[in-house]
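Please read the structure below before turning to the comments.
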Amino acid sequence: MASKPRTLYEKIWDAHVVERQDDGTCLVYIDRHLVHEVTSPQAFEALRLAGRKVRRPDLTLAVPDHNLPTTARKAPDGSRLPIEDKQSAAQLAALERNAPSFGIDYIDAVAPEQGIVHVVGPEQGFSLPGATIVCGDSHTAAHGGIGALAFGIGTSEVEHVLATQTLLLRPSRTMEVRVEGELGPGVTPKDLILHIIGVIGTAGGTGHVIEYRGKVFERMSVEGRLTVCNMSIEGGARAGLIAPDDVVFDYLKGRPYAPSGEAWGKAVAWWRSLATDPGASFDKSVVIDAADVEPTVSWGTSPEDVVAIGGSVPSPESFSDPSKQEAARKSLDYMGLAPGTPLEEVEVENIFIGSCTNSRIEDLRAAAEILKGRKKAANVRWAIAVPGSGLVKLQAEEEGLDRIFTEAGFEWREPGCSACLAMNPDKVPPGERCASTSNRNFVGRQGPGSRTHLLSPAMAAAAAVTGRLTDVRKLMSE
Amino acid sequence: MDKVSTISGRAIPLGLKNVDTDVIIPAHWLKTVSREGLGKGAFETIRAAPGNPFDVEDFAGAPILIAGDNFGCGSSREHAAWAMLDMGLTAVIAPSFSDIFSGNAFKNGILAVELSQEQVDRLLEVAKEHPITIDLENQVVTTPFQDRFGFEIDPFRKHCLLNGLDEIGLTLERDETIETHEKQRAGSLPWLDAPRKHRREPA
């Protein structure tokens with residue numbers, strides 16, 4: 001019998017509905033739950049108060065990342081160094097206590113596998129295609145890059161998943177972002193997703209799950225796909241995903257939590273069946289021409305405020321919507337930018353290469369390629385490279401990337417969320433600019449008064465070398 | 001969760017679009033293991049400016065906030081909802097909300113009411129001088145004048161709010177159904193169970 005053609009999202013959703021209520025709300029099974037130190041303590045405490053257990057500790061993995069300092073964690077004698085900030089130390093201690101007491105696997109702060117939860121999940125093979133994956137962090141959308149239905153949840157939902165391994169949800173609407181053609185030289189997945197958010201706006205995907213489609217994604221590495229899906233939430237979509245294929249299967253095979261033996265073959269067969277059926281329809285469709293995508297940077301305080309590097313700071317009057325005009329005026333005032341200024345004339349004092357968006361090995365390689373044999377400009381006060389996990393760090397060190405970074409004047413740090421969100425010691429001072437590979441340029445995001453320009457790792461490296469926002473292609477041809 | 005039915009009182013006419021979670025509660029306030037006391041940090045950057053609507057005396061203790069499109073975009077931090085509750089806010093009216101924020105608001109008994117931009121504009125005007133009432137049972141927002149704006153709400157959420165139901169308690173009652181699903185899943189998608197153990201003990 002020919003059934004109705006379904007999208008990738010609909011197939012994963014259907015396989016996980018435990019029960020559908022009359023009002024349309026569904027009880028949905030959760031396959032993987034990632035837990036970190038910031039959004040979990042209140043959930044564990046509530047479980048304890050109610051005398052409730054974690055239903056499936058085996059499907060839960062905890063790792064600290066958000067407020068962990070990225071400076072040395074061990075003394076020369078191998079002992080663990082204390083965390084100076086008392087609140088951060090207490091939050092970390094809570095996770096360290098909660099995970100084992102509820103029987104949850106815990107990767108501690110000095111383990112080589114420690115890292116940003118969204119880097120660790122795929123790297124450990126804990127995140128799998130076709131799985132439902134949640135975490136108390138909006139960038140959980142990243143795991144959609146391996147073909148999982150992955151989304152961020154609040155602490156009450158963390159508690160709900162811990163207690164029941166399910167969530168009460170309504171189905172999302174479906175949205176296709178189809179990219180046609182190929183990306184030009186020097187144009188990366190980060191540029192593509194910034195461009196997409198510029199087109200759809202920060203609320204463009206609200207209520208929807210995005211599926212990214214087109215040859216560009218088929219040819220993209222897993223790292224690149226994770227970068228694209230990671231920022232779906234910046235376009236308002238709680239989840240974004242890309243159909244899993246051999247690129248993903250090759251990436252996952254042999255990873256610690258990934259299935260092996262006979263189970264592997266079965267899993268791959270099911271994963272292959274998940275791709276959107278021909279003739280399946282989406283509630284919303286956006287088509288992007290890859291040829292329109294240039295190396296892209298943000299100029300304002302919303303991820304939709306982006307422009308090609310060859311462009312200029314827009315004037316508020318250039319927007320047709322009066323409220324957007326007002327928002328642009330506020331943004332430019334906060335960012336200390338005058339309309340009409342060419343982006344390439346904007347000087348930066350800080351460089352941050354890291355975050356769950358861009359801290360994987362490929363990101364570090366791309367930045368190192370630009371930095372090799374070069375030094376950061378004199379006006380760049382602070383430049384840090386923060387690998388996404390201990391394993392990424394080790395790999396980079398084996399490849400000698402750490403020396404390229406340090407010789408260029410970068411600090412080479414321990415893994416963590418770092419300067420993405422200003423809740424650990426890595427912050428951008430008030431009034432200073434940061435060329436940042438992270439995902440949000442909100443007011444105060446990298447520290448009170450900080451001014452963020454979002455861009456790709458290669459573009460961040462180029463900015464480090466010249467001391468201003470720079471079209472990386474100019475350094476590539478030198 | 002406490003029962004929610006009618007919320008009545010002054011409404012802070014903020015009106016801003018894209019109020020993100022870093023504006024509602026900056027990350028440095030997130031280093032807490034408690035849900036309490038976050039009101040001090042709520043809207044910190046907005047409140048730093050003299051003459052901001054939060055610090056106008058008339059709006060002290062106001063239970064309602066009126067904002068622009070895409071309220072609560074950004075992070076999944078439920079601290080945003082806790083911070084708002086801690087400062088006494090139990091309802092937000094806006095033309096649209098981010099998905100994660102509206103979920104977090106609901107779990108904490110904060111009403112997230114979607115109205116059209118035109119209706120929100122009218123309420124922003126009224127709120128300067130007068131109180132506003134949100135009636136959840138009848139799904140309507142009213143003012144001391146002739147305004148009567150109906151709004152939509154997910155029927156399940158409405159039911160939980162009106163009756164003060166604990167969602168986790170409700171789901172735990174479905175234990176058998178969940179177990180049946182787990183058994184089916186173990187047969188059809190067996191690799192999803194018991195992923196190989198990593199390390200139990202910290203190194």
#### Entry: At least 30 Å² accessible surface lost relative to isolated chain, residues of the stretch A:248-288 (1.4 Å probe)
A:Pro256, A:Tyr257, A:Lys266, A:Trp270
### Query
Roughly how many percent of the accessible protein surface of chain A is carbon and sulfur, given a 1.4 Å probe and a whole-percent answer?
51 percent
### Task
Calculate the length of the line joining the C-alpha centroid of the stretch B:62-99 to that of the stretch A:373-423, in whole Å.
37 Å
#### Entry: Exercise: per-residue mean of other protein chain Cβ atoms within 10 Å, A:368-377
0
### Task
Could you please state how large a percent of the accessible area of the stretch B:6-163 is carbon and sulfur, counting protein chains only and using a 1.4 Å probe?
48 percent
### Task
Run the numbers on the stretch A:5-29: which residues show a drop of 40 Å² or more in accessible area, chain on its own versus all protein chains together, using a 1.4 Å probe over heavy atoms?
A:Val18, A:Glu19, A:Asp23, A:Tyr29
#### Entry: Interface size A-B, as summed buried accessible area [1.4 Å probe, Å², nearest 100]
6100 Å²
### Query
What fraction, in whole percent, of alpha-carbon pairs in the stretch A:4-44 exceed 16 Å separation?
57 percent
### the stretch A:296-476, relative contact order [Cα under 8 Å, separation at least 6], %
28 percent
### Query
Which lysines does A:Lys376 reach when only Cα atoms under 28 Å apart count, and residues fewer than 8 places away in its own chain are ignored?
A:Lys190, A:Lys393, A:Lys427, A:Lys474
### Query
Hey, what's chain A come to in accessible area per residue, 1.4 Å probe, Å²?
33 Å²
### Query
How fast does chain A diffuse by Stokes-Einstein, in µm²/s, taking the Kirkwood radius from C-alpha pairs at 10 °C and 1.306 mPa s?
70 µm²/s
### Query
Hey, what did chain B get for relative contact order, percent, Cα under 8 Å, at least 6 apart?
24 percent
## Note on the structure
Sorted on mean Cβ neighbours within 10 Å (highest first), peptides A:27-33, A:151-157 come out as A:151-157, A:27-33
### Square roots of 5 times each gyration tensor eigenvalue, C-alpha, the stretch A:346-443, largest first, Å
20, 17, 10
### Task
Using the Cα centre as the reference, give the magnitude of the dipole from point charges on the C-beta atoms of the protein assembly as shown (Lys, Arg: +1; Asp, Glu: -1; all else neutral), rounded to the nearest 20 debye.
1100 debye
## Note on the structure
Rounded to whole angstrom, the alpha-carbon centroid of the stretch A:1-45 lies from that of the stretch B:117-166 at a distance of 30 Å
### Task
Could you work out the per residue convex hull volume over the alpha carbons of the stretch B:6-163, in cubic angstrom?
102 Å³
### Message
Quick check: Cα centre of the stretch A:197-226 to Cα centre of the stretch A:247-318, how many Å?
### Response
4 Å
### Summary
The simple spin-label model distance between A:Asp58 and A:Lys330, using points 7 Å out along Cα→Cβ, in nm, is 5.0 nm
#### Entry: In range of the label at B:Thr177: residues from the stretch A:137-175 whose backbone nitrogen is under 13 Å from the point 7 Å along Cα→Cβ
A:166-169
### Task
With both partners inside the stretch A:296-476, how many of the DSSP beta bridges are antiparallel, as a percent to the nearest 5?
30 percent
### Task
Kindly list the residues of the stretch A:21-35 that lie in the label zone of B:Asp193, defined by a backbone N under 17 Å from the point 7 Å along the Cα-to-C-beta vector.
A:29-32
### Query
Which is farthest toward the positive dipole end of chain B among B:Thr180, B:Leu85, B:Ile12, measuring Cα position about the Cα centre, with Cβ charges +1 (Lys, Arg) and -1 (Asp, Glu)?
B:Thr180
### Query
Just for chain B, what percent of DSSP beta bridges are antiparallel, to the closest 5?
45 percent
### Query
With the dipole of the stretch A:1-130 worked out from charges on the C-beta (+1 for Lys and Arg, -1 for Asp and Glu) around the Cα centre, which of A:Gly125, A:Ala109, A:Leu8 lies farthest toward the positive end?
A:Leu8
### Task
Quantify how strongly other chains surround peptide A:195-203 by giving the mean number of their Cβ atoms within 10 Å of each of its Cβ atoms.
2
### Partner chain coverage, peptide A:150-163 - average Cβ within 10 angstrom
6
### Per-residue SASA entry for B:Lys40, accessible area with 1.4 Å probe, Å² rounded to 10
150 Å²
#### Entry: Filtered GluC sites (Glu not before Pro), the stretch B:1-97: DSSP coil and at most 10 other beta carbons within 10 Å
B:Glu36
#### Entry: Taking chain A and dividing mean pair separation by its residue count, relative contact order in percent (alpha carbons under 8 Å, at least six apart)
17 percent
#### Entry: All-pairs alpha carbon distance profile, the stretch B:143-191, 10 Å steps from 0, percent
20, 25, 25, 17, 8, 5, 1
### Query
Do the sum for chain A: with -39,500 (n - 2.57) for every DSSP H run of n ≥ 4, divided by all residues, what is the mean residue ellipticity at 222 nm, to the nearest 500 deg cm²/dmol?
-9000 deg cm²/dmol
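The values are calculated or read from the model by the stated rules, or taken from the named source; none is laboratory data. Quick caveat, the model's predicted, so the values are computed rather than measured. All Cβ positions, even for glycine, are placed from backbone atoms using ideal geometry, and neighbour counts span all protein chains on display. Calculation scope for accessible area: heavy atoms of the full protein, side chains included, ligands and nucleic acids excluded. Shrake-Rupley method; radii C 1.70, N 1.55, O 1.52, S 1.80 Å.
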